[in-house]
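Notes to accompany the following structure.
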Amino acid sequence: MVMKSNNSIFLIIGIITLLTIACKHSPLVTQEAADIIPTPTDTSSGNPGNGGNNGIPCDPDTIYFQNTILPLFISNCAKSGCHNATTAQKDIILDSYINVMNSGEITPGNASEGDIMEVITETDPDDIMPPPPNQPLSQQQINMIAQWINQGAQNNQCNECDTTNVTYSGKIRSILDGKCVGCHNNTLASDGVNLTNYIGVQSVALNGRLYGAVNHSPGFTAMPQGGPKLPDCEIAAIRIWVQDGAPNN
């Protein structure tokens, strides 16, 4: 009788231990998000299922138009009321490589000659671009635009993809800063979404709005608005991070 009692105790302890482990590792994603986000093996949208490293490696010393510069223009400049195809303030449209180069604001190989560097570094609130209440470009973003112009203002891109270790600080934050924060910031929180801090990002990640928007899922406003869909690799990174519980890691 003592042996049976001990076995029962050990069985109960084992079950409790397994439940505790499961709770520690269970994602915090809401059911709505779980219904929107595909399983890790789903590749219907071209996203890598379980991560990996493939594509054309990106040169760390090169700034790529399609990867970095165009998303900056789309998020900060080519939007309603400014330089999209509909509004075209001062007849300038900044939603594609052809339109950017036809603007007359850029001199390939010499960032100091084009007007674009003058307006994005302007200190006068009446002349700076993007204009208030839009958030001004960061110094890092300004430096990247200047470097791209000095490197010849080419219509270039790279397709490097690594989703083996996706973290908020190492991957997600840079995607949002470069492609979303221009519309979703402290002064211009479009649709009530502010992506400048982790709390704001976490809320739309866990309810499925972040992935639904960037994946152009039915029922969501496609983001970036007015711009091309994010690369498959970046969408996959967001999916993997959200499925992990959207941790602040």
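The values are calculated or read from the model by the stated rules, or taken from the named source; none is laboratory data. This one's a predicted model, so the numbers in the text were calculated from it and none came from an experiment. Here Cβ is always computed from backbone atoms with ideal geometry, including for glycine, and neighbour counts include all displayed protein chains. Only protein heavy atoms, including side chains, enter the accessible area calculation; ligands, DNA and RNA are left aside. Shrake-Rupley method; radii C 1.70, N 1.55, O 1.52, S 1.80 Å.
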Quiz item: If you plug each phi of segment 218-227 into the Karplus form 6.51 cos²θ - 1.76 cosθ + 1.60 with θ = phi - 60°, what whole-Hz ³J(HN,Hα) values come out, in order, with x for Gly and Pro?
Solution: x, x, 10, 6, 5, 10, x, 5, x, x
Quiz prompt | Relative packing of peptides 75-82, 156-163 - highest average C-beta neighbours within 10 Å first | solution = 75-82, 156-163
Quiz item: According to a simple spin-label model (label point 7 Å from Cα along Cα-to-Cβ), what is the distance in nm between ASP124 and LYS90?
Solution: 1.1
Exercise. Provide the net charge surrounding LEU72, with neighbours chosen by a C-beta distance below 13 Å and charges set as Lys +1, Arg +1, Asp -1, Glu -1.
Key: 0
Quiz item: Accessible area of THR187, 1.4 Å probe, to the nearest 10 Å²?
Solution: 90
Exercise. At 7 Å along the Cα-to-beta-carbon direction for both GLN140 and THR167, put a label point, then send me their distance in nm to one decimal.
Key: 1.4
Self-check item: Cα-projected label distance for GLU160 with ASN249, points at 7 Å along beta-carbon direction, nm
Solution: 2.1
Quiz prompt | Where segment 108-249 is the region considered: accessible area per residue in Å², 1.4 Å probe | solution = 46
